[in-house]
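For reference, the structure is listed below as structure tokens.
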Amino acid sequence: MSKKIIQLNEEIIKGELKELVRSSVEETLNNLLEQEAKDLTQAAKYERTESRQGYRSGHYDRDLTTTSGNVTLKMPRLKGIPFETAIIERYRRRESSVEEALIEMYLAGVSVRRVEDITEALWGTKVSPGTISELNKKG
């Protein structure tokens, strides 16, 4: 009688879970942005209403580094009214906890070049030495 043996590759499972979390964060943020645009225009996509405030004009992609990894946000474009989201600050490219972690690493004595390698391992994107220096000037 042969017994089936199941082997689990821990690295593959971790990678899949990390990707699942990252995609969930991306989907949630994009849904929140769409809802904000809907609330501002007072109409859903392609909907004609008397109370409509502005018009949709597509979207543009914007990258955001989070603790879950890099996510691509689909920022709605609106005509007739300005779109300023409450979800993410204008020009923000990294989650504040990511920036705090970068500053903490630098203040703990980790070299700027080493921080670059660590960020790639943690979040999948490199942060330039210049960015780390700028963050420390602000902080």
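Every read-out reported here was derived from the displayed coordinates using simple, explicitly stated rules and does not represent laboratory data. This one's a predicted model, so the numbers in the text were calculated from it and none came from an experiment. Here the Cβ positions follow ideal geometry from the backbone for every residue, glycine too, while neighbour counts run over all protein chains shown.
With the charge dipole of the chain set up from +1 on Lys and Arg Cβ and -1 on Asp and Glu Cβ about the Cα centre, the Cα lying farthest toward the positive end among the listed residues 96, 6, 20 is that of 20.
Summing charges over neighbours of residue 41, with a neighbour being any other residue whose Cβ is under 13 Å away from its Cβ, gives +2 when K and R count +1 and D and E count -1.
Relative to the longest principal axis of the Cα atoms of the chain, the long axis of helix 10-41 lies at roughly 20 degrees. Taking a straight Cα-Cα cut-off under 19 Å and skipping sequence neighbours fewer than 8 places away in the same chain, the aspartates and glutamates within cross-link reach of residue 18 are 10, 26, 27, 63, 95, 117, 120. Over the chain, calculate the relative contact order: mean separation of alpha carbon pairs under 8 Å at least 6 apart, over the residue count, as a percent. Across the chain, relative contact order equals 19 percent.
Step through the table entries 38/126; 38/79; 74/137; 14/138; 14/74; 45/74, compare each Cα-Cα distance with 23 Å, and write down the pairs that go over it. Where the Cα-Cα span goes over 23 Å, the pairs concerned are 38/126; 74/137; 14/138; 14/74. Take every Cα pair under 8 Å whose residues are at least 6 apart in sequence, average their separation, divide by the length of region 95-139, and the relative contact order is 37 percent. Hydrodynamic estimate: the Kirkwood radius of the chain over Cα pairs, inserted into Stokes-Einstein at 20 °C and 1.002 mPa s, corresponds to D of 120 µm²/s. Rounded to the nearest 0.05, what FRET efficiency is calculated for residue 87 and residue 51 with R0 set to 30 Å and r the Cβ-Cβ distance? With R0 = 30 Å, the Cβ-Cβ based efficiency is 0.80.
In plain terms, the bigger the Kirkwood radius, the slower the diffusion; for region 95-139, with that radius from Cα pairs, at 4 °C and 1.567 mPa s, Stokes-Einstein puts D at 127 µm²/s.
Among 110, 46, 31, whose Cα lies farthest out toward the positive end of the dipole of the chain, if unit charges sit on the beta carbon of Lys, Arg (+1) and Asp, Glu (-1)? Highest projection toward the positive end goes to 46.
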